[in-house]
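For reference, the structure is listed below as structure tokens.
The values are calculated or read from the model by the stated rules, or taken from the named source; none is laboratory data. Computed from a prediction, not measured in an experiment: that's the story for all the values here. So basically every Cβ, Gly included, is an ideal-geometry build from the backbone, and we count neighbours across all protein chains shown.
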Amino acid sequence: MTKRVKYVTFDCYGTLTNFEIGPTTKPLLQDRIDQETMPAFLADFSAYRFDEVLGDWKPYAEVIANALHRTCRHWSVPFKAEDAEIIFEAVPTWGPHADVSEPLARVAKEYPLVVLSNAANHQIQSNVDKLGAPFHAVLTAEQAQAYKPRLRAFEYMFDTLGCGPEDVMHVSSSLRYDLMSAHDLKIANRVYVERGHGPGNPAFGYSEISDLGGLPNLLGL
């Protein structure tokens, strides 16, 4: 870090919150997808969720339902709308990764923490409350009317905080959702948490940590 930042900003689902969409989806589809092919089905479900957020904003429940519907169609298996509803309703019940709460609380003593999440307004606070640290702001795609990786979502964050990309350190476990956009917007301090959510690429100029325990050191704490 070349200078003290004003805010440390985070992706929430996957980076801080253990985004348990795979374990939630598996039992719902086990009558239609066998155990051996389930990982490939879940990988496709992830890809379709990413595709669903690239256009105009729509409610997150629709993102989940559309992505699951498209995945089922791709695999030629029946789609059940109630499966998508169960997945969506499970989201606010998920808690943090085991490595999150202690280092996050340490960082919160020195820096204002901000969440920028592809979340529904009525769900995200439940996840944030489980993280064990105070947050200065909790910002959502619903507020921004744009999902990450769209630059508009990040611009909403800058406008809301009254700062620029040079003033934040952005932390995420996703290259595609967060760090590629952070690079394009010239966010000066980018941190990649390697949680196995897809390949990284050092060409995008981030600091890599294996879990959130490495974050305080990057901030000189």
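Conditions first: (1) surrounded by 15 or more Cβ atoms within 10 Å (Cβ to Cβ); (2) of a type in the set (A, V, I, L, M, F, W, C); (3) touching a Ser or Thr at 6+ places or on another chain (Cβ under 8 Å). L151 passes all but one, so which condition is the exception? All conditions are met except number (1). For segment 25-52, the set of residues classified as under 21 Å from the mean Cα position of the chain (by Cα), more than 17 Å from V91 (Cα to Cα) and buried (at least 18 other Cβ atoms within 10 Å of the Cβ) consists of F41, Y48, E52, listed by residue number.
Within segment 136-146, the presence of at least one residue that is modelled with pLDDT of 95 or more, part of a loop (DSSP other than H, G, I, E, B), buried (at least 19 other Cβ atoms within 10 Å of the Cβ) and out of contact with any strand residue (DSSP E or B) (no Cβ under 9 Å at 6 or more places or on another chain) is confirmed.
Just one residue in the set L219, L179, L215 is within 29 Å of A61 (Cα to Cα) and touching a helix residue (DSSP H, G or I) at 6+ places or on another chain (Cβ under 9 Å); that residue is L179.
Set side by side, the residues G205, G214, G198 differ, and just one is closer than 21 Å to E110 by Cβ, out of contact with any strand residue (DSSP E or B) (no Cβ under 6 Å at 6 or more places or on another chain) and surrounded by fewer than 18 Cβ atoms within 10 Å (Cβ to Cβ), which is G214. Just one of the listed residues (V171, V115, V191) is in contact (Cβ under 8 Å) with a residue 24 or more places away in the chain, in contact with a Cys (Cβ under 7 Å, 6 or more places away or on another chain) and outside any helix (DSSP H, G or I), namely V115.
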